[in-house]
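**Student:** Sending over a structure as structure tokens; questions will come in a sec.
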Amino acid sequence: MRILDTIKISARSFKNNRLRTFLTIMGISVGIASIFFLVSLGYGMQKVVLEKIATSDSLLSLDVFSGNTDEGVIMEKEMPAIKNIHGIVNATPVITQKVQIHNDNFTTDTKINIVNSNFFRMEGVNVQYGKLFSVKDVNTAIVTKNLLDLLHINVNNFQDKKIIIDIAIPSENKKDGAPKKTFSKEYLIKGVIKNENKANVYIPISSVAGMGFDYYNRVKIKVTSNNQIDPVRKALAEKGYLVSAISDTVDQTRKIFSVIQIVLLSFGMLALIVSAIGMFNTMTISLLERTQEIAIMKSLGASAKDIWSMFLTESILIGFLGGTLGVLTGYLGTKFFNFILNLIAVNFGGAKIDLFYIPLLFVVFVIVFSTLVGLITGFYPAKRAAALDTLKALRYK
């Protein structure tokens with residue numbers, strides 16, 4: 001029997017038992033939609049979290065700290081040796097210091113990071129308002145939204161606002177018991193980072209030139225590729241430095257979300273198993289109803305292979321149609337849920353996010369998987385139909 005004829009005969013049962021076939025397809029689609037919805041939710045949450053903690057540049061970046069417990073800092077004279085390590089394409093120092101910041105009659109204690117302009121790209125920091133400072137900018141500052149709130153500065157009106165920072169001079173800092181000497185300097189706010197938890201400030205390292213900063217709290221380095229992360233880390237460790245990478249955090253995050261996706265997939269699989277049982281029941285009933293029809297087809301010359309193919313094709317079609325409808329239902333479900341979630345978030349002053357992510361390969365996998373479920377579910381009824389005895393089948397009532 002030709003493949004096209006097998007498909008036509010298999011599809012004929014859809015017309016003869018429309019309601020039962022439709023309900024069977026709907027049952028499969030509900031299981032597939034559950035898997036599609038839950039797993040795409042897992043992918044979406046992972047994507048949202050990773051976008052918050054990493055960019056393409058930050059994934060190639062390492063943080064280098066001093067391994068000397070006495071000093072606890074990296075001296076400026078050590079920078080050439082760090083930059084000359086094979087695989088490092090960029091190295092930017094970071095000075096961190098606790099300071100007091102003033103704006104009009106408001107004062108707060110916070111932490112500043114004295115950095116180069118290329119630090120932000122390597123750290124994965126982006127501004128929500130305004131701009132990042134460039135190489136040419138000197139007395140400008142990037143602040144977090146939390147700091148603006150502490151200084152009573154409106155985030156929608158921060159332009160042209162200036163803050164005064166009391167920076168401690170390093171040479172005085174190193175003398176035990178000696179009073180700290182501070183240098184007050186005015187900075188123009190150029191950009192705002194959305195951070196509700198920390199009150200941080202970033203200022204250009206050029207603005208403290210000549211003030212005696214010959215040490216750094218850490219050095220941010222960028223390597224040429226992922227393959228260079230481990231060799232560079234090993235080389236720095238041999239020199240006595242402590243190294244951490246955001247890629248470690250990303251790897252741990254991916255492992256956590258892999259477990260979450262497996263758990264979500266398990267819930268979806270329960271719905272699919274119930275649907276598969278319903279499909280198996282449908283195919284078995286179809287076999288009993290068409291026993292005499294099978295006997296007539298066999299008496300007219302149809303082989304056991306033809307009967308087997310006919311029933312198996314029917315179950316495959318049900319699985320495929322159920323998978324396709326399930327993907328469509330799951331997709332519409334993700335859009336509706338995301339719309340409601342963003343509507344609530346906006347009303348409460350939050351930002352819109354896309355909580356679902358649907359890779360194209362995952363869509364293909366779901367449809368193929370559903371088709372395979374149909375194939376497996378229909379295998380036993382098809383085998384029974386092919387093995388029916390013609391005479392007994394003709395006498396069956």
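**Student:** Considering only DSSP beta bridges where both residues belong to segment 89-223, give the percentage that are antiparallel (nearest 5).
**Tutor:** 75 percent
**Student:** List residues of segment 21-40, by number, whose backbone nitrogen lies under 20 Å from a label position 7 Å along Cα→C-beta of F337.
**Tutor:** 26-40
**Student:** Which whole-Hz ³J(HN,Hα) couplings does segment 332-340 yield from phi under the Karplus relation 6.51 cos²θ - 1.76 cosθ + 1.60, θ = phi - 60°, glycine and proline marked x?
**Tutor:** Those phi angles translate into 5, x, 5, 5, 5, 4, 5, 5, 5 Hz.
**Student:** Okay, next question. With equal scatterers on the alpha carbons only and no solvent term, can you work out the Debye log10 of I(q)/I(0) for segment 89-223 at 0.10, 0.15, 0.21, 0.22 1/Å?
**Tutor:** After summing over all Cα pairs, the log10 values are -0.31, -0.71, -1.33, -1.44.
**Student:** Between their Cα atoms, which of K111/K161; K47/K161; K185/K222 are more than 27 Å away from each other? Show your work: numbers first, answer last.
**Tutor:** Values: K111/K161 19 Å; K47/K161 35 Å; K185/K222 31 Å.
Table pairs above 27 Å Cα-Cα are K47/K161; K185/K222.
**Student:** Further question on the same structure: For S244 and F183, what does the FRET efficiency come to when R0 = 30 Å and r is the distance between their Cβ atoms, rounded to the nearest 0.05?
**Tutor:** It comes to 0.45.
**Student:** Past the 20 Å Cα-Cα mark, which pairs from K83/K220; K98/K145; K77/K181; K198/K352?
**Tutor:** On the way: K83/K220 11 Å; K98/K145 18 Å; K77/K181 24 Å; K198/K352 22 Å.
As for pairs spanning more than 20 Å Cα to Cα, those are K77/K181; K198/K352.
**Student:** Short version: ³J(HN,Hα) in whole Hz for each residue of segment 354-361, in order, from phi by Karplus 6.51 cos²θ - 1.76 cosθ + 1.60 (θ = phi - 60°), x for Gly and Pro, what are they?
**Tutor:** Per residue, the Karplus-derived 3J(HN,Hα) values read 9, 7, 10, 9, 10, x, 4, 5 Hz.
**Student:** Quick one: which residues, 5+ away or cross-chain, put their amide H under 5 Å from the amide H of N113? H built at 1.01 Å from N.
**Tutor:** The answer is V201, Y202, I203.
**Student:** Right, something else. Assuming R0 = 45 Å, can you tell me the calculated FRET efficiency for the pair A168 and N347, based on Cβ-Cβ distance, to the nearest 0.05?
**Tutor:** So, using R0 = 45 Å, E works out to roughly 0.50.
**Student:** Further, regarding this structure: Give me a comma-separated list of calculated 3J(HN,Hα) values for segment 107-122, in order, Karplus coefficients 6.51, -1.76, 1.60 applied at θ = phi - 60°, integers in Hz, x for any Gly or Pro.
**Tutor:** 9, 8, 8, 7, 10, 10, 10, 9, 9, 8, 5, 7, 4, 4, 5, 6
Quick note: the coordinates plus some simple rules give every number you see, no bench work behind them. Everything numeric here is computed off the predicted structure, so don't read it as measured data. All Cβ positions, even for glycine, are placed from backbone atoms using ideal geometry, and neighbour counts span all protein chains on display.
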